Amino acid sequence: MCSNINALFEKDDLNTLRSIAQKLEKYHPESSELNKVKSLCQKIVDKKKRAIEEEQKKRMQAVNKLKKEFDDVSNTTWYYNPYFTHYNNRNLTSLYIGKRNDSVWLRLKMSYSGDNWIFFESAYLSYDGNTTEIAFNEYKDKKSDNSGGGVWEWIDVHVNSDLLSFLKQMANGKSLKMRLSGKYTHTRNLSASEINAIKDALLAYEVLTQGE
């Protein structure tokens, strides 16, 4: 009955070891093998507990690594990525998170900066040939500005469930791109920093909405 308990331990086969322990407790309650099997069971339990704790710690790090700003007027905590500050006058795509009491939401920001206006009316994200159009209100969600000969245009939109699903798949893609299109078109590959920031924001959002 106990000939393969070490092999079962190496496989983390807790169920089989517990079954053996039950049989030993019934038929050989005074045996040293019973204590050994119980000890192996406890070691597996402790190992799994440590693994869960490490995974929880890793997930919380995704939240803790984000830059956090609290707005005491709206009672909202904003979480931003730590890799860069998404100024409006930069060519960037990023996600950030808002949290008020038990409500958590995700927002997407896409911006263009250059010497000439592109007057974009449509925005797209794509990965490995898969593309989604980002819905936005031209008057509510889009802004533009200029200074010193440079111009910039950007959108800041709420991430709904469909877009969230796309972003989760996109984050694991190989070739990630953004496109802003209107009178003229601007297309660019997302940088490694942008991709890492998106992954961190998605994980942090998951932790904040679903718990550790």
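The values are calculated or read from the model by the stated rules, or taken from the named source; none is laboratory data. The model shown is predicted, which means the values in this text are computed figures rather than measured ones. Ideal geometry is used to build each Cβ from the backbone, glycine not excepted, and the neighbour counts take in all protein chains shown. All accessible areas refer to the heavy atoms of the entire protein, side chains included, with ligands and DNA or RNA removed. Shrake-Rupley method; radii C 1.70, N 1.55, O 1.52, S 1.80 Å.
Miscellaneous remarks
- In the chain, excluding the sites themselves, the longest stretch lacking any of the chymotrypsin sites (Phe, Trp or Tyr not before Pro) that are in a DSSP loop with at most 15 other Cβ atoms within 10 Å is 1-83.
- Loop-located trypsin sites (Lys or Arg not before Pro) in segment 70-166, at most 16 other Cβ atoms within 10 Å (DSSP): 90, 140
- Probe 1.4 Å, all protein chains present, accessible-area order of 85, 185, 93, largest first: 185, 85, 93
- Cα centroid separation, segment 150-212 to segment 75-144 (Å): 7
- Rounded to the nearest 10 degrees, the inclination of helix 192-210 to the longest alpha-carbon principal axis of the chain is 60 degrees.
- Residue-by-residue Karplus 3J(HN,Hα) for segment 180-188, coefficients 6.51, -1.76, 1.60, Hz, glycine and proline x: 10, 9, x, 4, 10, 10, 10, 10, 8
- Highest-fluctuation residue, 173, 98, 149 considered, GNM on the chain with Cα pairs under 10 Å: 149
- Listed residues 196, 130, 91, most fluctuating in the chain (Gaussian network, C-alpha, under 10 Å): 130
- C-alpha long axis of helix 14-27 to longest principal axis of the chain, angle in °: 20
- Long-range Cα-Cα pairs in the chain (distance over 29 Å), rounded percent: 46
- Dipole moment magnitude, nearest 20 debye, the chain about Cα centre, only Lys, Arg, Asp, Glu C-beta charged: 520
- The angle between the Cα long axis of helix 32-64 and the longest principal axis of the Cα atoms of the chain comes to about 10 degrees, rounded to the nearest 10.
- Over segment 1-151, Cα pairs under 8 Å with separation of 6+ residues give a relative contact order of 11 percent.
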